[in-house]
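For reference, the structure is listed below as C-alpha cells.
The values are calculated or read from the model by the stated rules, or taken from the named source; none is laboratory data. Since we're looking at a predicted model, the values are computed, not measured. Virtual Cβ from ideal backbone geometry, glycine too; neighbours counted across all protein chains shown. Only protein heavy atoms, including side chains, enter the accessible area calculation; ligands, DNA and RNA are left aside. Shrake-Rupley method; radii C 1.70, N 1.55, O 1.52, S 1.80 Å.
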Amino acid sequence: MSDEEPVESPFDVTAPDGEPVGELLPGAVRVAVRLLAPPENVWPALTEPARVGRWFGDLAGPLRVGEDNRLGFEDGDFFTVRPTVLAPGRELAYDWRFLGVGKRQRVRWTLATDEATGGTLLAVTDHDDTRTPAEAGQLRDGWTDFLTRLAAHLRTGHGTRYALRDDIDGAVDLPAGPYRPLAYAALLDWLPVAEDGFRPAWFFVVDDEGPRRFALRDWELHDERRLVFAVDIPGARTHPACEVTVAAVGSGQRLAFAHRGWTRLGLSESRAQELRRRFTATWVAALATARDHARRAADPA
C-alpha cells in the first residue's frame, strides 16, 4: 500500500452504478462512482492493457511498479506513466506526465466493496498543487467523463472511448533563469515557424514522412506573454486557432499552449485524426526544445 491512508469517499452516491460525483480538494481533484461490478472485476479494467483500451487509452504493456509505460489515445495525446502502487482489488497509483513533458502529477485509484450491493466504490484522486481553480474544474469534468465511460464499459462490455478531442493542449515547466520563450528571437528557435521575409508565414510539421508547411494567419504577439495565431489546413472549412502563454509558476515559468478546432475541420474523421496526431507530435517536440533552451540558459555550464 502507499504511504497515504486510503481515501474514504465523502460523496453521497446513492444509486448503484450511478453518475460520478467530483469535488475539488486542496491540491487535488477527486471523483468517485458506485459500480455494480465487484472490485475483482473492476481491477482488470484499470490495469490490463486490453481492458484499459476499451474505455480509456492504449497501454504500451503491462503495468509494473517503477517501470515507465505509455498511455496513448487515438487522437495523438498520451501520458507517460510510472506506477508506484499495484495492490490488486484495492489500490492503483502512478505518476504521469501529459505528452511526456508536462508536470509530473500523482494519480491514485482506490477500490472498496460497497456493502449494500456487493459492488465497488471507486475513487480517483489527481494531485497537483499548482493548478488554478479553473484548471481544477476542467480536470474534475475530465475525470467525470472518464469514469462515466468506465461505468458504461463495465455495464455493457462495449468500447466507450472517445475518438477525437477538439483541442491539442499541453504545457512544460521551465526553470528560473533569463530565458524568455516568447521573446521573438527565442520563439523562432523552438516553435516550428518560418518567415516569408517580413513576418511568420508558415507552421512546419516534421515527422517520419518529412516536413510539411501550413500557412499562418492572424499572428499576434503580446508583450512576450501571449501569442495567438491560426493555421490553414488544405481543404478544411475552419482554421485551428492557437494560443501560447507564459505564466510564473513557483520560481520558474510555465509555457502552455492550446490549439483548438480539430473536430470542426469538415474533413473525414480519419484525416482529422491523422492531422491532429501529427500536430500533437510537433507540439511535443517544440515544448521539449523550449525546455532544453531554458535549461541551457539557466545553467550555461
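Numerical summary
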quantity: Qualifying positions in the stretch 46-70 - touching a strand residue (DSSP E or B) at 6+ places or on another chain (Cβ under 9 Å) and either at pLDDT below 95 or under 14 Å from Val124 (Cβ atoms) (or both); calculated: Leu46, Thr47, Val52, Phe56
quantity: Subset of the stretch 208-228 [among the aromatic types (Phe, Trp, Tyr) and within 17 Å of Leu265 (Cβ to Cβ)]; calculated: Phe214
quantity: Criterion (hydroxyl-bearing (Ser, Thr, Tyr) and open to solvent by 40 Å² or more (accessible area, probe 1.4 Å)) met by exactly one of Thr280, Thr263; calculated: Thr263
quantity: Lone qualifier among Arg237, Arg217 - being open to solvent by 30 Å² or more (accessible area, probe 1.4 Å) and assigned to a strand (DSSP E or B); calculated: Arg217
quantity: The stretch 86-97, subset aliphatic (A, V, I, L, M) and more than 15 Å from His127 (Cα to Cα), residue least open to solvent (accessible area, probe 1.4 Å); calculated: Ala87
quantity: Qualifying positions in the stretch 114-132 - of a type outside the set (Lys, Arg), within 17 Å of the chain's Cα centre (by Cα) and more than 18 Å from Pro88 (Cβ to Cβ); calculated: Thr125, Asp126, His127, Asp128, Asp129, Thr130, Thr132
quantity: Residue in the stretch 100-113 that is over 21 Å from the mean Cα position of the chain (by Cα) and farther than 20 Å from Arg64 by Cα present; calculated: yes
quantity: Tally of residues being under 19 Å from Asp218 (Cβ atoms) and either open to solvent by 10 Å² or more (accessible area, probe 1.4 Å) or of a type in the set (D, E, K, R) (or both) across the stretch 240-255; calculated: 3
quantity: For Pro211: the one exception among (1) in a strand (DSSP E or B); (2) in contact (Cβ under 8 Å) with a residue 12 or more places away in the chain; (3) over 18 Å from Arg260 (Cα atoms); calculated: (2)
quantity: Number of the exception - Val206 against (1) buried (at least 16 other Cβ atoms within 10 Å of the Cβ); (2) at negative phi; calculated: (1)
quantity: Answer residue from the stretch 3-45, given it is at pLDDT 90 or above and in a loop (DSSP other than H, G, I, E, B) and is most open to solvent (accessible area, probe 1.4 Å) among those; calculated: Pro26
quantity: Candidate set from the stretch 107-135 (those that are charged (D, E, K, R) and crowded, with 17+ Cβ neighbours inside 10 Å); member that is modelled with the lowest pLDDT; calculated: Arg131
